[in-house]
Amino acid sequence: MNSKRHENIVIPATIQGYTIHDLLLQAETRLQPLSQTPRLDAEILLAHCLNQSRSYLHAWSDLCPDSHHVEQFHRLLQRRIQEEPIAYLIGYQNFWSLQLRVTPDTLIPRPETELLVEQALERLPAEQPAEILDMGTGSGAIALAIASERPHARLLATDNCQKALEVATYNAARLGINQVRFLQSHWYQQLPAQPFDMIVSNPPYIDQDDDHLHALRHEPLAALCPVGNRPDDGLSALDEIIHHAPDRLKSGGWLILEHGFAQQEAVMDRCREAGLVEISGHTDLAQLPRIVCARKS
Ligand SMILES: C[S@@+](CC[C@H](N)C(=O)[O-])C[C@H]1O[C@@H](n2cnc3c(N)ncnc32)[C@H](O)[C@@H]1O
C-alpha cells in the first residue's frame, strides 16, 4: 500500500476508505505486542477521536470516519505504541465516581488508591464536619473523591508541584466541588497551624533504582520517587509525613497512607515510633498490602 510519512506517523494513502471495523482491527494488531488490552485501547482511542461512546463504534462499525479523525487516531495510536498511557492520550481518568483531567504533570490516579478513599470514608461519619488534609494531591483524586462523599467536610489539598495544583483546581471547578482549598507546600512546611481530623496521603514511595520505573517513564518522576530518596527504600516521604503527623492531628485524628506493597511493615513500625495507636494494615483487590491507618490517641 502507498503511504506517506508525516511527523513520524505512517498514514495510509487510502485513509478515507477504512471502516471503523477495519481501523479497530489494524490498531488491535499493532497494539498486541505491548498492551494487555489492545482491543480496549483501540476502542477508547477511536471513540475519543470521534467524540463518541464505545457502543457507537459497535453500532456503526461499517462507517468510514473522516480523514482528519483517522489521522488523529493514527497519531494517538503511534503514541500508545510508544507506551504512553491511555489517560494522557485522552486527557482524563475515571477515579471513584469522578472523571478527572490528568496531564503529564499529574500521576494517573490508580484503582488501588480507591482503597485509601474507602478507609477514609469509614472513619468519617457522613453528617459530621471534619477538617482533612490531603498531601501530594496530584490531580486532586483523593481529596475530590472524599469531598464528593462528605459534603460537610472541609479539605486542604497540597502539592509542591504548581502545575499539578492547577490541574486539581480545574478538576474541582469542573466537578462543582467547592469545599477543597489548594495550597503549594513541601509536605507540612507551608501549612497553616490548624490541626486536622484526618491526614491522607499517597506520597511518592518508589525507590529510584526500582526496575518498575521504566514502565512508568511517562509519569512525573517526582510523583513516583521521593526527592533525596535514600537509594534502597523509597520511604523518605512516608517517613517525613508520619514523623510530623502527631503535631498536625487533633486528638483522635486519623493518618491514612498508601505505600508500596513491600513497605507495610516499615510504615507500621514508623507509626508506632511516632506514638500513633490503632495501627492497621489493609490489602488491595490483588491482596497486596497497600494502606496503613493509624490514630493519634
Ligand atoms: C504518588 S503521587 C499521588 C497523586 C494523587 N494523590 C493520587 O493518589 O493520584 C504523589 C504526589 O506527591 C507530590 N509530591 C512529591 N513531593 C512532594 C513534596 N515534597 N511535597 C508535597 N507534595 C509532593 C507529587 O507532585 C505528586 O503529585
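Taken together, the values in this text are just the output of simple stated rules run on the coordinates, not laboratory data. This one's a predicted model, so the numbers in the text were calculated from it and none came from an experiment. Positions of Cβ are generated from backbone atoms using ideal geometry, with glycine treated the same way; all protein chains shown enter the neighbour counts.
Summary table below
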{"quantity": "Within the chain: Cβ-based charge dipole about Cα centre, in debye rounded to nearest 20 (Lys, Arg +1; Asp, Glu -1)", "calculated": "700"}
{"quantity": "The range 119-202 shape via C-alpha gyration tensor axes, a/c threshold 1.5", "calculated": "oblate"}
{"quantity": "Estimated inter-spin distance, Asp210 and His152, nm [label 7 Å along Cα→Cβ]", "calculated": "3.8"}
{"quantity": "When the convex hull of its Cα atoms is projected in every direction, mean area for the chain (nm²)", "calculated": "17.0"}
{"quantity": "Computed label-point distance, nm, for sites Asn178 and Glu122 using a 7 Å Cα→Cβ extension", "calculated": "3.4"}
{"quantity": "Sites Asn94 and Gln162, calculated FRET efficiency, Cβ-Cβ separation with R0 22 Å, nearest 0.05", "calculated": "0.30"}
{"quantity": "For the chain, built as a Gaussian network whose Cα springs stay under 10 Å, the top-fluctuating residue of Ala266, Ala157, Ala145", "calculated": "Ala266"}
{"quantity": "Rotationally averaged projected area of the range 192-297 (alpha carbon convex hull; nm²)", "calculated": "7.3"}
{"quantity": "Mean residue ellipticity (222 nm) of the chain, computed from DSSP H runs ≥ 4 via -39,500 (n - 2.57), nearest 500", "calculated": "-11000 deg cm²/dmol"}
{"quantity": "Max mean-square fluctuation residue, GNM over the chain, Cα-Cα springs under 10 Å, options Leu107, Leu50, Leu89", "calculated": "Leu50"}
{"quantity": "Length-normalised contact order for the chain - Cα pairs under 8 Å, 6+ apart - percent", "calculated": "12"}
{"quantity": "Among Val102, Phe196, Gln119 the positive-end extreme of the charge dipole of the chain (Cβ point charges)", "calculated": "Val102"}
{"quantity": "FRET efficiency estimate (nearest 0.05) - Cβ-Cβ, Tyr170 to Gln52, R0 35 angstrom", "calculated": "0.90"}
{"quantity": "Among beta bridges that DSSP assigns inside the range 104-295, antiparallel share in %, nearest 5", "calculated": "35"}
{"quantity": "Virtual spin-label span in nm between Asp62 and Arg110, 7 Å along Cα→Cβ", "calculated": "4.5"}
